[in-house]
Amino acid sequence: MIRPEDLLRPMPQGLYCPPGDFYIDPVRPVERALVTHGHADHARPGNAKVMATSQTLDIMALRYGEDFAGARQVAKLGEEVRIGDVTVSFHPAGHVLGSAQIAVEWQGLRIVASGDYKRRADPTCLSFEPVPCDVFITEATFALPVFRHPDTAAEIGKLLDSLRHFPERAHLVGAYALGKAQRVIKHLRDAGYDEPIYIHGALKKLCDYYQSQGIDLGVLEPATVEGGKKGDFAGAVIVGPPSAFADKWARRFPDPVASFASGWMRVRQRARQRGVELPLIISDHCDWDELTETLDELAPQEVWVTHGREEALLRWCELRQMRAKPLHLVGYEDEAE
Ligand SMILES: [Zn+2]
């Protein structure tokens, strides 16, 4: 009788598959890595071989340079590939462009490592696809009942309202470079906002890449004032990585409205601490309802819970008489939030 731990187990380098001799999202360089998505805590340079979706491989090359790995292998969504004694397949995770869950199967036992995922519609990536499995590995970034992400269009509506009320003020929106920034821009476009949107230089490569993949972000201009005046940005939307808003770069804009798009904006104190005037609760992770609905839908024999607030979700599983345990993986932070 094989046990799930014989197929996947946590190691210091990451989640290891002995019968396939590979790691999923290793935090240290390994011989063979399978990577769920391009966020820096999941996708790291220096592995000998990397298997991921073509978009995740492209994103890794954009972030780390073409030599980010010794060899690349493209994972086509839904296609079964044999590695050692194991069959692996990649399935959309709905998290960011290119993101995938990884299913591993061996001797009739299937484990799905979902990586980071969400269930609500995101116009910049494919939707999460439920994959039947014996063991489901879930993230727990927002795994507390207090986290219920509101409707995204309504959050974008708050930004549009503010632009109408304060046409003389620049609106600085903090959003992480991979996924969140493009999603905020795309939601603005879908809401009918067709002015140029100004972006910090750190977002350019990834915004260009999203556009090249058919995600229409409209007219994007660099948020630079060389030869211009402060007033040039009155009433404009400027999107940049959250870190940029703390430095000199942000001071060039007229009477800015500080905004930040993050699941953490649900916590008012966090918004206040960061000096955020206009918090936008927009997350690329599941909220509590999305997590529990996913577990109910998949009804796996066992749930492994990782990176985040494990306890509440473990307790929820216990009450549901669903077997569950924390998976102690180290080295994952929520870059995307
Ligand atoms: Zn992520």
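Every number here is computed from the coordinates shown, using simple stated rules; none is lab data. These figures come from a predicted structure and were not determined experimentally. Glycine also receives a Cβ, built like all others from the backbone with ideal geometry; neighbour counts cover every protein chain displayed.
Would you please state which residues of region 159-199 a label at D216 would reach in this model, taking the label point 7 Å out along Cα→Cβ and a backbone N cut-off of under 14 Å?
Residues passing the 14 Å test: 186-195.
Return the FRET efficiency for the residue pair S54, R82: r is the Cβ-Cβ distance, R0 is 25 Å, and the value is rounded to the nearest 0.05.
Approximately 0.80, to the nearest 0.05.
Below 13 angstrom from the Cβ of Q107, what's the summed charge of the other residues (Lys, Arg +1; Asp, Glu -1)?
Net of charged neighbours comes to -2.
Give the Rg (one decimal place) followed by the Dmax (whole number) of the chain, computed from C-alpha coordinates and expressed in Å.
Radius of gyration, then largest Cα-Cα span, for the chain: 20.6, 71 Å.
I need H42, H171 ordered by Cβ neighbour count within 10 Å, fewest first.
H171, H42
Assuming 0.36 nm per residue, please report the length gained on full extension of the stretch R309 to A202 beyond their Cα-Cα distance.
Fully extending the segment from R309 to A202 adds 35.5 nm.
Can you flag which of K204/K325; K118/K229; K158/K325; K205/K325; K49/K180; K76/K158 are past 30 Å Cα-Cα?
Those over the limit are K204/K325; K118/K229; K158/K325; K205/K325; K76/K158.
Fewest first, what order do H200, H165, H39 take by the number of other Cβ atoms within 10 Å?
Ascending number of Cβ neighbours within 10 Å: H165, H200, H39.
Once a ≥ b ≥ c are taken as the square roots of the eigenvalues of the Cα gyration tensor of region 232-329, is the result rounded (a/c under 1.5), prolate (a/b larger than b/c) or oblate (a/b not larger than b/c)?
Prolate is the answer for region 232-329, as a/c is 1.5 or above and a/b outweighs b/c.
Working from Cα positions, state the angle (0 to 90°, nearest 10) between the long axis of helix 310-319 and the longest principal axis of the chain.
50
Per-residue ellipticity at 222 nm for the chain, helices alone: DSSP H runs ≥ 4 residues times -39500 (n - 2.57), over residue total, nearest 500 deg cm²/dmol?
-6500 deg cm²/dmol
In terms of the Cα gyration tensor, with a ≥ b ≥ c the square roots of its eigenvalues, is region 115-154 rounded because a/c is under 1.5, prolate because a/b exceeds b/c, or oblate?
The shape class here is oblate.
Would you work out which of M11, F68, L34 lies farthest towards the positive end of the dipole of region 1-69? Charges go on Cβ: Lys and Arg +1, Asp and Glu -1.
Result: M11.
Pull out a ≥ b ≥ c, the square roots of the eigenvalues of the alpha-carbon gyration tensor of region 1-77, then state rounded if a/c is under 1.5, prolate if not and a/b is larger than b/c, and oblate in the remaining case.
Prolate, since a/c reaches 1.5 and a/b exceeds b/c.
Go ahead and run the numbers for FRET between F166 and D6, Cβ-Cβ distance against an R0 of 56 Å, rounding to 0.05.
0.40
Write down the percent of antiparallel bridges among all DSSP beta bridges whose residues are both part of region 102-201, to the nearest 5.
60
How big is the Kirkwood radius of region 62-112, worked out from every pair of different alpha carbons and given in Å to one decimal?
Here the Kirkwood hydrodynamic radius works out to 12.5 Å.
Tell me the relative contact order for region 64-135 as a rounded percent, counting alpha carbon contacts under 8 Å between residues six or more apart.
Relative contact order comes out at 25 percent.
Only four residue types carry charge here, +1 at the Cβ of Lys and Arg and -1 at the Cβ of Asp and Glu. Report the dipole size of the chain about the Cα centre in Debye, rounded to the nearest 20.
So the dipole magnitude of the chain works out to roughly 840 debye.
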